[in-house]
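Okay, structure first, notes after.
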Amino acid sequence: MEKTIPVVTKSHSYEIRIVTQGLANLLGEIQRVWSPRKIALITDENVGPLYAAKVQQQLSKGGFAVQLITIPAGEASKSWEFLEKIIQQLAAGHFSRHDGVLALGGGVVGDLAGLAASIYLRGIAFIQVPTSLLAQVDSSVGGKTAIDLPTGKNLVGTFYQPDLVLIDPAVLTTLKRRSLVEGYGEVVKCAALVGGNFWQLTGNIENYQAIRQAAAELIEASVRFKAQVVAADETESHQRQLLNFGHTLGHAVEQAAAGRLFHGEAVAIGLYQLSRLFERRHLTAAKTTAQIAVRLKAVGLPLSDPQLGTPAFYQALQHDKKISNQQLTLIYLKQIGQPDFYRRPLNQIITWLQQELLTTGK
């Protein structure tokens, strides 16, 4: 498979390339957009041993000078500590504005490497090579970069578009089951927002093995949708907020779970719980939540968690980065394929959630 999806934004235009076995021809893909230069190859302790040496070898043959930077795997690396370490290594390596950063890994690597590239020397070139399903369908597309703070996820970041996103579905064969499945939570989110054939496609995924079999098609559908939304609203001033469906509750339960939940698992919980509550208010069409639940449960994604509705959950909710003037906008579905905005004072939403989670159970 080889697909090219253009992303045209006000700040920068680039291509998302979905190429099966694309990692084997990484040099050719990089040479499409970059001349020879120094490259900081940023990866983590899980992905590095699988691919870093091969990537270095390819790039070196093409005249690129590669400096490998490896961070610990996991969300904890999205921190001031590791952001500073990366920037210090870029400075020590005398990287200039002509040089570049290549992120090889999942969403943590992409978010962290992208933020470093966006602020070092006020911005140097950046390429994303996402190796997890979650990163391929979500975090590598759209130019969001970030690190976390103790009070919440992604509270420090920039909008910084890459020069290229190279997605190779073949690398998903190395993912463990849980890591593969969590990425599917974001796929279901996109499919629910789009509806139509995309939603029907997710209805054919009856177990986690089917995710790999349909990976290229699922990735393409997700990326085409997100690229369209990002092109229309690069900095999330309006329409791009639709992509937050499931994320407000999901981020809060993820934060409260303190590392026990993967991001995609938390999003799955957010999708289900929010739809259930809006369906009870008759704002979401009947049986919508059941359709979402079937797709999530088919691959083993959770629908709830003990942290849902705890003090830690509400504390995290109050630090949601989408709060503006003490108003919070929730994204919900009128029905599959018809998302809408629900903007209310934060205290009203918290009171509503407290009442609903107590009366309906978790």
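Per 5 Å bin, what is the whole-percent P(r) computed from every C-alpha pair distance within the stretch 177-360?
Each 5 Å bin holds this share of Cα pairs: 1, 8, 17, 22, 21, 17, 9, 3, 1, 0.
Hey, in the GNM for the chain with a 10 angstrom Cα cutoff, which one of Glu234, Glu186, Glu265 fluctuates hardest?
Glu234
Of Lys3/Lys226; Lys10/Lys144; Lys10/Lys38; Lys189/Lys287; Lys176/Lys226, which ones are farther than 18 Å apart at the Cα?
Checking Cα-Cα distances, Lys10/Lys38; Lys176/Lys226 exceed 18 Å.
List the aspartates and glutamates whose Cα lies under 13 Å from the Cα of Lys297, skipping any in the same chain that are fewer than 8 positions away.
Glu182, Glu206, Glu265
Based on DSSP, what percent of beta bridges with both residues in the chain are antiparallel, to the nearest 5?
50 percent
Under 1.5 on a/c is rounded, so check that first for the stretch 251-362, then, if it is not, pick prolate when a/b is larger than b/c and oblate when it is not; a ≥ b ≥ c are the square roots of the alpha carbon gyration tensor eigenvalues.
On the way: a/c = 1.57, a/b = 1.09, b/c = 1.45.
Since a/c reaches 1.5 but b/c is at least a/b, the shape of the stretch 251-362 is classed as oblate.
What's the center-to-center distance, using Cα atoms, between the stretch 295-313 and the stretch 201-267 in Å?
15 Å
With only Lys, Arg, Asp and Glu charged, each at its Cβ (+1 for the first two, -1 for the last two), find how big the charge dipole of the stretch 205-263 is about the Cα centre; round to the nearest 20 debye.
120 debye
Along the charge dipole of the stretch 1-117, pointing to its positive end and built from +1/-1 on Cβ of Lys, Arg, Asp and Glu, which listed residue (Ile5, Gly106, Pro36) has its Cα farthest out?
Value computed over the given set: Pro36.
Name the residues whose placed amide hydrogens come within less than 5 Å of the amide hydrogen of Thr284, ignoring near sequence neighbours (fewer than 5 apart) on the same chain.
It is Glu279, by chain and number.
Taking the Cα centre of the stretch 177-360 as origin, work out the dipole magnitude from +1 charges on Lys and Arg Cβ and -1 charges on Asp and Glu Cβ, in debye rounded to 20.
260 debye
When a/c is below 1.5 the answer is rounded, else prolate if a/b is larger than b/c, else oblate, so apply that to the stretch 2-174 with a ≥ b ≥ c taken from the square roots of the Cα gyration tensor eigenvalues.
It comes out rounded by the Cα gyration axes.
Could you line up Leu112, Leu59 from fewest to most neighbouring Cβ atoms inside 10 Å?
Listing Leu112, Leu59 from fewest to most nearby Cβ atoms yields Leu59, Leu112.
Note down the nm distance, to one decimal, between modelled labels 7 Å out along Cα→Cβ at Tyr208 and at His319.
It works out to 3.0 nm between the two label points.
Could you please rank Glu75, Glu84, Glu29, placing first whichever residue has the fewest other Cβ atoms within 10 Å of its Cβ?
On the way: Glu75 17, Glu84 11, Glu29 20.
Fewest-to-most ranking of Glu75, Glu84, Glu29: Glu84, Glu75, Glu29.
Helix 263-280 against the longest principal axis of the chain: what's the angle in degrees, Cα atoms only, rounded to the nearest 10?
30 degrees
As I understand it, the dipole of the stretch 121-226 uses +1 on the Cβ of Lys and Arg and -1 on the Cβ of Asp and Glu, about the Cα centre. Which of Leu134, Gln213, Phe159 lies farthest toward its positive end?
About the Cα centre, the residue reaching furthest to the positive side is Phe159.
Take the chain, connect every pair of alpha-carbon atoms lying under 10 Å apart with a spring to form a Gaussian network, then pick out the residue of Gly250, Gly337, Gly264 with the largest mean-square fluctuation.
Gly337
Compute the separation of the alpha-carbon centres of the stretch 1-61 and the stretch 315-348 and state it in Å as a whole number.
Cα centres, the stretch 1-61 to the stretch 315-348: 36 Å.
Using the Cα centre as the reference, give the magnitude of the dipole from point charges on the C-beta atoms of the stretch 268-324 (Lys, Arg: +1; Asp, Glu: -1; all else neutral), rounded to the nearest 20 debye.
200 debye
Picking from Thr20, Thr284, Thr310, which is most flexible by a Gaussian network model of the chain using Cα springs under 10 Å?
Looking only at Thr20, Thr284, Thr310, the largest GNM fluctuation is found for Thr310.
Fewest to most neighbouring Cβ within 10 Å: what's the order for Val223, Val109?
Starting with the residue having the fewest Cβ neighbours, the order is Val223, Val109.
What's the angle, to the nearest 10 degrees (0 to 90), between helix 48-61's Cα axis and the longest principal axis of the chain?
40 degrees
Helix 177-194 against the longest principal axis of the chain: what's the angle in degrees, Cα atoms only, rounded to the nearest 10?
The two axes meet at around 70 degrees.
The list (1) 2.06; (2) 1.11; (3) 0.96 gives values of Cα Rg over 2.2 N^0.38 Å, and only one came from this structure; which label was calculated from it?
Correct label, based on the coordinates given: (3).
Values in this text are rule-based calculations from the coordinates and carry no lab data. None of the values given here were measured: they were computed from a predicted structure. Methodologically, a virtual Cβ is constructed for each residue, glycine included, from the backbone with ideal geometry; neighbour enumeration extends over all protein chains shown.
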